[in-house]
1. Would you report the distance distribution of C-alpha pairs in the stretch 299-387 as whole percents per 5 angstrom bin, up to the bin with the largest distance?
2. Straight-line reach from LYS4: which lysines have Cα under 22 Å away, leaving out those fewer than 8 places along the same chain?
3. Rounded to the nearest whole Å², what accessible area per residue is found for the chain with the 1.4 Å probe?
4. Can you give the convex hull volume per residue for the Cα atoms of the stretch 250-311, as a whole number of Å³?
5. How many percent of all Cα-Cα pairs in the stretch 17-75 sit more than 17 Å apart?
6. So who's got an amide H within less than 5 Å of the one on VAL270, skipping anything under 5 residues away but keeping other chains? H placed 1.01 Å off N, in plane.
7. Hey, if you put +1 on the Cβ of every Lys and Arg and -1 on every Asp and Glu Cβ in the chain, which of PRO352, GLY159, MET64 ends up farthest toward the positive end of that dipole?
8. Quick check on the stretch 214-276: what does the Kirkwood estimate of hydrodynamic radius come out to from the alpha carbon pairs, in Å?
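The values are calculated or read from the model by the stated rules, or taken from the named source; none is laboratory data. Everything quoted here is computed from the prediction, not taken from an experiment. Cβ placement follows ideal geometry from the backbone for every residue including glycine, while neighbour counts extend to all protein chains displayed. Heads up: the accessible areas ignore ligands, DNA and RNA and are worked out on the full protein's heavy atoms, side chains in. Shrake-Rupley method; radii C 1.70, N 1.55, O 1.52, S 1.80 Å.
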Amino acid sequence: MEEKLREYARLLVRVGLNVEQGQRMILSSPVECAHFARLCAQEAYDAGCKEVVMNWTDDAMTRMKYLCADEEVFDSVPLWRRHFFNDQALEGAAYLAISATDPENLKGVDSQRIIRAQRASGKALKDFDRLQMCGGFPWCIASIPIPSWAARVFPDLDGEKATGALWDAIFRAVRITGDGHAVQRWQEHLATLDKRLEKLNALKFKSLHYRNALGTDLTVELPEGCIWESGGDRTLAGRSYIANIPTEEIFTAPLKTGANGVVMGSMPLVHDGNVIEGLRFVVKDGKIVEATAQAGEETLRAAISVDEGAAYFGEVALVPYDSPIANQGLLFYNTLFDENAACHIAFGEAYPCLEGGQNLSKDELKARGLNDSITHVDFMIGTSDLSIMGTAQDGREVPIFIDGNFAPAFS
């Protein structure tokens, strides 16, 4: 087990972040994950990191704050926290986030407090958010089990067994076997994604049409000059990194005003410490005009009202239904994994998926038709019968997905 943990830490630091000699690394981690965080820190120092700066989080303290703190707390961000994130981003520090939380940690919390906190954070951390979206610094999000999360994924197993089962599932998802060859497996995986990427970009699609038996019937227009991207990315300085480990997706940015139809969530969405089930959006001219859910509807409505851009789409992503994560047959209750088990769409901020988009300003990206928001929330829409038909610039219709997987031309 310890060898697998060290291999995982090595993968995140040396491949996920690709830490440079003399670079600072910011490490956000739950206190429950301290042992693994220390392994990541040591790996970073071994890679030549100048300093590892910790940002500890704690579910219990977070819940306590949202339930008990004074109202004014949720409308501002302390100056020290602004400097902590913005200054490090401007410096180009690497950022590693260990994402592990109780899926329902904020159940029962006043949703308005959450919205206000998000709005305050969006205003205060503009430099961090802007640079993160355009590759201004390398960043990577990964996960390890904590008991409350494991209990939700494996409710029929006792505590330690549930945590052990979640460890096994995560290791399979991130291609860790303990043989020391995870880096090679990831290089091969990224090469496969890149081959599909080249084929998609060569066709220069102008729209996508999604349909399945669940009720999704959605047309999404793409902006002129859009490009598809995959799990492997590059900073503005040209250094490679992987923003999400695991990653199975190929994604692009839609035209803000170009989505029309109905889209159904195919899996529960964990957002703001709540579980949203049975999500359904009606979209007109890009804007979500109707949002319902079988459970967590209040949380969903709050999520799309954080700002004006929250009610528009910022990402469409292709993930085959037949994938290492989906094939485990698990609902992870963690978007990092669940979004990589199914095709998904995000409402909120758009990645600059345009030719030369990394070097464009916010205003230039908006002028090209991309959405701007302080939020970015992925929700899953992939099913075993999902079809996606692409329309190329010359009017040709090209099947992209058939029965939940890439059409033969992209296999």
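1. Taking every Cα pair in the stretch 299-387, the percentages come to 3, 14, 20, 18, 17, 15, 9, 3, 0.
2. Straight-distance partners of LYS4: LYS161.
3. Numbers: 17380 Å² over 411 residues.
Here the per-residue accessible area is 42 Å².
4. On the way: hull volume 6.0 nm³, N = 62.
Convex hull of Cα atoms, per residue: 97 Å³.
5. 51 percent
6. Distant-sequence amide H within range of VAL270: ILE276, THR335.
7. The residue sitting farthest along the positive end of the dipole is PRO352.
8. On the way: mean 1/r = 0.0678 Å⁻¹.
Computed over Cα pairs of the stretch 214-276, the Kirkwood hydrodynamic radius comes out at 14.8 Å.
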